[in-house]
1. Using modelled amide H (1.01 Å from N, peptide plane; none on Pro or chain starts), what sits under 5 Å from the amide H of Gly111, excluding residues fewer than 5 places away?
2. Below 15 angstrom from the Cβ of Glu2, what's the summed charge of the other residues (Lys, Arg +1; Asp, Glu -1)?
3. Against the longest alpha carbon principal axis of the chain, how many degrees, from 0 to 90 and to the nearest 10, is the axis of helix 115-128 turned?
4. Where does helix 87-107 land angle-wise versus the long Cα axis of the chain, in degrees 0 to 90, nearest 10?
5. Provide the packing ranking of 67-77, 15-25, 81-91, i.e. peptides ordered by the mean count of other C-beta atoms within 10 Å per residue, highest first.
6. Mind checking which of Asn84, Ile65, Leu100 is farthest towards the positive end of the chain's charge dipole, using Cβ charges of +1 (Lys, Arg) and -1 (Asp, Glu) about the Cα centre?
7. Give the peptides 100-107, 121-128, 57-64 in descending order of average Cβ contacts within 10 Å, highest first.
8. Using modelled backbone amide H atoms (1.01 Å from N, in-plane), which distant-in-sequence or interchain residues come within less than 5 Å of Phe49's amide H?
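The values are calculated or read from the model by the stated rules, or taken from the named source; none is laboratory data. As the structure is a prediction and not an experimental result, all values here were calculated from the model. In this analysis, Cβ positions are derived from the backbone assuming ideal geometry, glycine residues included, and neighbour counts consider all displayed protein chains. Accessible surface is based on the protein model in full, side chains and every heavy atom, while ligands, DNA and RNA are left aside. Shrake-Rupley method; radii C 1.70, N 1.55, O 1.52, S 1.80 Å.
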Amino acid sequence: MEKSKDNQKRITAFLLAVYLFALTWIIVFKMQFSFQGLPDFREINLIPFAGSANVNNQIDFNEIIYNVLAFIPFGIYISMLKSNWSFLKRITVIAGVSLLFEGLQFIFAIGASDITDFMGNTLGGIIGV
């Protein structure tokens, strides 16, 4: 019984690693196979629902929904692997990873670091938990 539980945790940890690799490729590298295809700008938006979520003076809910959906599995994986962690600790890890992704976009000048993305990512993780 214990060996089965260990194997389940290993498989879940492997799936989390694959998921984080894919999430990094999607969020940070914009699904590009070459660095030449990446956007070349650096921007920070600290006003929720402004900037990248605002298209033609209307909020682009699709981008927000995609961010939420992208992080739901992260909340699920964290809950499966760290069931003994408190809710707040799990959310802190999810928010930290989201902040890391937004920071990497700014550091490498490959997109806008947006508070709306951070909020959507974190909300997705909360839903997953």
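1. Excluding prolines and chain starts, which carry no amide H, the hits are Phe41, Glu43.
2. +3
3. 20 degrees
4. On a 0 to 90 degree scale, this one is about 40.
5. Ranked from most to least packed, the peptides come out as 67-77, 15-25, 81-91.
6. Working it through, the farthest residue towards the positive pole turns out to be Asn84.
7. So the peptides 100-107, 121-128, 57-64, ranked by packing, come out 121-128, 100-107, 57-64.
8. For Phe49, whose amide H was placed from the backbone, the distant partners under 5 Å are Thr116.
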